[in-house]
1. Do any residues in segment 37-58 that are at pLDDT 95 or above have Cβ atoms under 9 Å from those of residues that are of a type in the set (Gly, Ala, Ser) and in a loop (DSSP other than H, G, I, E, B), where the two are at least six apart or on different chains, and which pairs are they?
2. Which is farther than 14 Å from Arg26 by Cβ, in contact with a strand residue (DSSP E or B) (Cβ under 6 Å, 6 or more places away or on another chain) and among the hydrophobic types (A, V, I, L, M, F, W, C), of Val89, Val70, Val52?
3. Being farther than 15 Å from Val72 by Cα and either in a loop (DSSP other than H, G, I, E, B) or of a type outside the set (S, T, N, Q) (or both) is the filter here, so list the residues in segment 40-57 that pass it.
4. I'm trying to understand the selection: among the residues of segment 64-83, which are within 15 Å of the chain's Cα centre (by Cα) and closer than 20 Å to Ala34 by Cα?
5. What is the number of the single condition among (1) in contact with a Leu (Cβ under 7 Å, 6 or more places away or on another chain); (2) surrounded by fewer than 16 Cβ atoms within 10 Å (Cβ to Cβ); (3) of a type in the set (S, T, N, Q) that Ser41 does not meet?
6. What is the one condition in (1) surrounded by 10 or more Cβ atoms within 10 Å (Cβ to Cβ); (2) modelled with pLDDT of 90 or more that Ser20 does not satisfy?
7. Restricting to segment 11-38, name every residue that is over 28 Å from Thr57 (Cα atoms) and in contact with a Leu (Cβ under 7 Å, 6 or more places away or on another chain).
8. Filter segment 26-39 down to residues that are assigned to a helix (DSSP H, G or I) and either closer than 15 Å to Val72 by Cβ or of a type in the set (Lys, Arg) (or both), then give me how many there are.
Amino acid sequence: MQKSYSESAKPRDTVVPEVSIIVPARNEEASLGACLESLLSQQDVSLELIVVNDHSTDRTAEIARSFTKVKVISAPALPDGCTGKNNAVAAGAQAVYRCRYGASPRFVAASAR
């Protein structure tokens with residue numbers, strides 16, 4: 001039987017990559033379940049999946065929490081001049097950083113010197 005490409009291309013002692021995925025979600029009850037199932041079905045990767053509930057008014061948070069391998073956090077209040085998705089992704093990135101390094105990252109605007 002011939003091996004698949006992924007089986008033949010992967011050395012036996014390959015380190016499994018660690019990947020963090022941040023899913024910003026606001027009122028996504030219709031599609032979130034399928035999205036998370038697809039992401040969690042990925043193979044050959046150590047996956048950290050964070051859903052940032054961005055003040056949803058539907059069952060988004062409940063659906064996300066129904067997946068035991070998914071960490072669910074709530075987006076903070078929206079700062080002036082910031083869009084919702086950017087705010088949610090920043091909150092997810094801070095959660096990843098805190099889990100890995102025990103501290104919060106500091107974000108600096110690209111225009112800052």
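The values are calculated or read from the model by the stated rules, or taken from the named source; none is laboratory data. Remember, predicted model here, so these are calculated numbers, not experimental data. Cβ coordinates were reconstructed from backbone atoms using ideal geometry, including for glycine residues, and neighbour counts include every protein chain displayed.
1. Cβ pairs passing all conditions: Asp58/Ala30.
2. The conditions single out Val70.
3. Within segment 40-57, Ser41, Gln42, Gln43, Asp44, Val45, Thr57 meet the criteria.
4. Across segment 64-83, the qualifying residues are Ala64, Arg65, Phe67, Thr68, Lys69, Val70, Lys71, Val72, Ile73.
5. (1) is the only condition that Ser41 fails.
6. Of everything listed in (1) surrounded by 10 or more Cβ atoms within 10 Å (Cβ to Cβ); (2) modelled with pLDDT of 90 or more, Ser20 misses just condition (2).
7. Once the filter is applied, which keeps residues that are over 28 Å from Thr57 (Cα atoms) and in contact with a Leu (Cβ under 7 Å, 6 or more places away or on another chain), segment 11-38 yields only Val19.
8. Residues in segment 26-39 being assigned to a helix (DSSP H, G or I) and either closer than 15 Å to Val72 by Cβ or of a type in the set (Lys, Arg) (or both): 5 in total.
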